[in-house]
1. Restrict the check to the stretch 23-34 and report whether at least one residue is of a type in the set (S, T, N, Q), loosely packed, with under 12 Cβ neighbours inside 10 Å and touching a residue at least 40 places away in the same chain (Cβ under 8 Å).
2. Tell me, which residue of the stretch 93-107 that is of a type in the set (Gly, Ala, Ser) and outside any helix (DSSP H, G or I) is nearest to the chain's Cα centre (by Cα)?
3. Could you check the stretch 43-92 and list, in sequence order, the residues that are assigned to a loop (DSSP other than H, G, I, E, B), more than 12 Å from ligand 1 (Cβ to nearest atom) and among the small types (Gly, Ala, Ser)?
4. Pairs needed: first member in the stretch 91-108, more than 17 Å from Val18 (Cα to Cα); second member anywhere, among the β-branched types (Val, Ile, Thr) and in a loop (DSSP other than H, G, I, E, B); C-beta distance under 6 Å; at least 6 residues apart or different chains.
5. Given (1) among the small types (Gly, Ala, Ser); (2) within 16 Å of ligand 2 (Cβ to nearest atom); (3) outside any helix (DSSP H, G or I), where does Ala34 come up short, assuming only one miss?
6. Return the pairs, sorted by first residue and then second, in which the second residue is away from ligand 2 (no atom under 15 Å from the Cβ), the first residue lies in the stretch 36-55 and is over 22 Å from Leu135 (Cβ atoms), the beta carbons are less than 7 Å apart, and the residues are 6+ apart or on different chains.
Amino acid sequence: MNRTLVIIKPDAVERGLVGEVISRFERRQLRVVAAELRVIDVATARRHYAEHEGKPFIDRVVAGLTRSPSLILIVEGPGETWKVIRAMIGATDPAEAAPGTIRGDLAIDMSENVIHGSDSVASAQREIAIFFPDLA
Ligand code: CDP
Ligand code: MG
């Protein structure tokens with residue numbers, strides 16, 4: 001079994017989409033093996049999005065990720081779980097995301113795009129260590 005990190009972002013928690021998103025994972029036979037609802041602090045958000053440091057959107061993205069509680073998950077499945085989940089999430093810009101994907105069905109705005117999913121095995125390991133150090 002392989003594990004990956006998912007963040008149901010503040011915009012989605014605020015809209016009451018937690019159940020919808022988790023249902024999609026469960027229907028796909030992926031398992032939630034850890035979950036924590038918490039407000040991500042600015043330092044942790046910047047560490048999480050370190051690859052985007054210096055880009056024009058970083059301050060807006062960090063503000064969005066820290067403004068209210070996120071539901072942070074470790075999701076487990078067979079094979080390349082991070083890849084399956086990225087396919088379920090859809091394109092970064094919801095306007096480009098295919099119908100049937102989480103962003104393609106539930107979002108319209110790039111900075112309110114519902115969910116984060118790790119983009120590789122290495123990212124999954126790095127991000128699990130940030131948010132669930134006891135489980136890394
Ligand atoms: O989330 P994903 O891995 O698909 O995209 P990313 O390129 O790693 O960017 C992280 C997040 O920054 C995105 O999910 C968007 O919410 C936000 N973003 C943005 O607001 N404007 C951009 N031009 C690029 C990303
Ligand atoms: Mg990313």
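1. So far as the stretch 23-34 goes, yes, one or more of its residues are of a type in the set (S, T, N, Q), loosely packed, with under 12 Cβ neighbours inside 10 Å and touching a residue at least 40 places away in the same chain (Cβ under 8 Å).
2. So the residue we want is Ala107.
3. Scanning the stretch 43-92 gives Gly54, Ser68, Gly79.
4. Cβ pairs passing all conditions: Pro94/Ile108.
5. Every condition holds for Ala34 apart from (2).
6. Partner pairs satisfying both residue conditions: Val42/Thr66.
Each value in this text was obtained by applying a stated rule to the coordinates, not by laboratory testing. Small disclaimer: the values here were computed from a predicted structure and weren't measured. With ideal geometry, Cβ positions are generated from the backbone for all residues, glycine too; neighbour counts draw on all protein chains shown.
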